[in-house]
Each structure stands twice: as C-alpha cells, then as structure tokens.
Amino acid sequence: MKLTIFAATGGIGRHIVEQAVAAGHDVTAVVRNPKNLPGQPRVVTADLAAADPAVLESAVEGADAVLSGLGPRSSSDVGVATRGTKAIVEAMTATGVPRVVVVSAAPVGTVPSPGRPAPPRHDPGDGFFMRNLFSPLTKAVLREHYADLAVMEDVLHGSGLDWTTVRPPRLTDKALTGSYRRTYGQNLRRGFLISRADVAHCMLRVLEQPEAIHQTVGLAN
C-alpha cells in the first residue's frame, strides 16, 4: 500500500514507519525536521501547527491510507492534535483520500467534548482499579492533553472519512510482540500497558480490516 504517516518521528510514528517500510509499503513520512528521520523512501517537511495546505495535499495525494501518531507531548503542545488533524482531514478531503487511522488514548472515551458533551462516567471495559484510581489520576494530571484528543476525535467523526481511532493505555518502549488484546468500542479489562511498537503494529493491521472503519479500538497487553 501507499501510506502517508504523520508525526513520523514521534514515539509511535517511528515504529509505524519502520514496520511499514519493513513490510514493503510505499511510505511518505511527514515530519517537522527531516534530519530526525534519515533514509526513508520519501520525506515531506511540514509543521502541523501551521501547515501549508498545498504541502499536506502533496503528501497525501494518491495515498491508499493515512496514519497519524500526532498528539501533545507536553503542556506547550496542547491543541496540536486537534489543529493538526483538522489540517490532515482538509488535505485528505481535497485529494479524495478516505482512509485514516489515528492514535488517541484509553481515557478519552469518558472525556467530554463539544461533539460528546455527556460521555459515560466510566468506560464499560474498565475494571475497579482503572475506574477508581488509575483513570481519575491520569485524567487529573493530563486533563488538557485528553481534552485535545477528545476534540480531535470529534474532528474525525464529522469528517466523512473512513476513520479508525486506536486508544492505547500507558505506553512503554518494550519490543514489538505482535501479540496483544484488542476490542472495539471500549477499553480492555486489566489493560494497563502496551508498547509503542505494538500500537504501531495494530494501526497497520486495521488498515486491512474493513470492520475497523468508524470504530474505536481498545488494545493492551
């Protein structure tokens, strides 16, 4: 497949690029600094915080699918997921590319947004520990980050594209296993951790699964 990968130098994005290239896909990597991703088949330089629409359109034109590892890395980055995803959606719409897979986060299903002002208090897949300790704590610490991702999901839901959103729990730097649990529409019971490499593997995997279109995917080790 011909794939365009955004945030290709990020923690998950690097793994998407590496695995996609290893699998023989035709990859275009969109990055702010091309020096951070040497040796790839095609690199497009773009800052999604203030992207040139023509550059983004050239990056996605002719692609079979787009994958995005975009997300805020620090408090100063809050809002980048929403702004960047809007720019990606506009470029895809302009060039007629329908398929997109993005990474979000496990707690986002219970975070209010303009498109979903009254989400459930608890995710149906969360157990006692997650509902009562881990999820409230992480949402308190990363409230603005998750709010950004929740609005980003609103953007996708209203885009008319064939989207899939992957919602991992806490990320690790462990090696790729290709062996993890996943489900649609909710988190996984006792789903506390997953490696960035396995998240990337899942994102590539769902491209070949039509049933994943218009779905949120919960995954964990």
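List of remarks:
- Screening residue 63 with (1) over 16 Å from the mean Cα position of the chain (by Cα); (2) modelled with pLDDT under 95 gives one miss only, at (2).
- Residue that is among the aliphatic types (A, V, I, L, M), modelled with pLDDT of 95 or more and closer than 30 Å to residue 91 by Cα, where the choices are 207, 142, 176: 207
Residue by residue, here is whether (1) among the aliphatic types (A, V, I, L, M); (2) part of a helix (DSSP H, G or I); (3) at pLDDT 95 or above holds:
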{"site": "122", "(1), (2), (3)": "no, no, no"}
{"site": "126", "(1), (2), (3)": "no, no, no"}
{"site": "129", "(1), (2), (3)": "no, yes, no"}
{"site": "132", "(1), (2), (3)": "no, yes, no"}
{"site": "138", "(1), (2), (3)": "no, yes, no"}
{"site": "147", "(1), (2), (3)": "yes, yes, no"}
{"site": "153", "(1), (2), (3)": "no, yes, yes"}
{"site": "159", "(1), (2), (3)": "no, no, yes"}
{"site": "164", "(1), (2), (3)": "no, no, yes"}
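- Residue within the range 140-153 that is surrounded by fewer than 17 Cβ atoms within 10 Å (Cβ to Cβ) and of a type in the set (Lys, Arg) present: yes
The values are calculated or read from the model by the stated rules, or taken from the named source; none is laboratory data. In this text, all values refer to a predicted model and were calculated from it rather than measured experimentally. Glycine also receives a Cβ, built like all others from the backbone with ideal geometry; neighbour counts cover every protein chain displayed.
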